[in-house]
Amino acid sequence: MADIIDILSEIPDNLRSVRRMRQDAVDNAQKSFELLVEGESSLTPAERFAVAAEVACLHQVEKATTFYQEIAAEE
């Protein structure tokens, strides 16, 4: 099953198995994303995704920036 890192990083299928060697890291990254989306917060979902887009932009991760901007706009 693809997780958020697989989706955003576009890791080739043959390298996904390498990531799965550190299953705890994979699981924790996915949980972090789920908390961003579903966790308790005083921020609206749109605000959460706008912050995520800004952080991705600061780190110059274009695909993640676009991904979060699009979700923020939908909220």
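Excluding residue 56 itself, calculate the net charge of residues whose Cβ lies under 13 Å from the Cβ of residue 56, where each Lys or Arg counts +1 and each Asp or Glu counts -1. Show your work: numbers first, answer last.
Numbers: positive: 48, 63; negative: 54, 62, 70.
Summing Lys/Arg as +1 and Asp/Glu as -1 gives -1.
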**Message:** Nearest 10 degrees is fine. How inclined is helix 62-74 to the longest principal axis of the chain, computing both from alpha carbons?
**Reply:** 40 degrees
**Prompt:** With every protein chain left in place, what is the accessible area per residue of the chain in square angstrom, probe 1.4 Å?
**Reply:** 74 Å²
**Prompt:** If we sort 32-42, 60-70 on the protection proxy, mean other Cβ atoms within 10 Å, highest first, what's the order?
**Reply:** 60-70, 32-42
**Message:** Helix 45-58 against the longest principal axis of the chain: what's the angle in degrees, Cα atoms only, rounded to the nearest 10?
**Reply:** 60 degrees
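Counting only protein heavy atoms and using a 1.4 Å probe, what share of the accessible area of the chain belongs to carbon plus sulfur, as a whole percent? Can you show the working numbers first?
On the way: 3080 of 5510 Å².
Ligands and nucleic acids excluded, carbon and sulfur reach 56 percent.
In the neighborhood of residue 43, defined by Cβ-to-Cβ distances under 14 Å, what is the net charge if each Lys or Arg adds +1 and each Asp or Glu adds -1? Please list the in-between numbers first.
Numbers: positive: 48; negative: 38, 40, 47, 54, 75.
Summing Lys and Arg as +1 and Asp and Glu as -1 gives -4.
Expressed as a whole percent, how much of the Cα-Cα distance distribution for the stretch 14-75 exceeds 16 Å?
Values: 1026 of 1891 pairs.
Looking at the stretch 14-75, the distances longer than 16 Å represent 54 percent of pairs.
The values are calculated or read from the model by the stated rules, or taken from the named source; none is laboratory data. In this text the structure is predicted, and so the values were computed from the model without any measurement. Ideal geometry is used to build each Cβ from the backbone, glycine not excepted, and the neighbour counts take in all protein chains shown. For accessibility, only protein heavy atoms count, side chains too; no ligands or nucleic acids. Shrake-Rupley method; radii C 1.70, N 1.55, O 1.52, S 1.80 Å.
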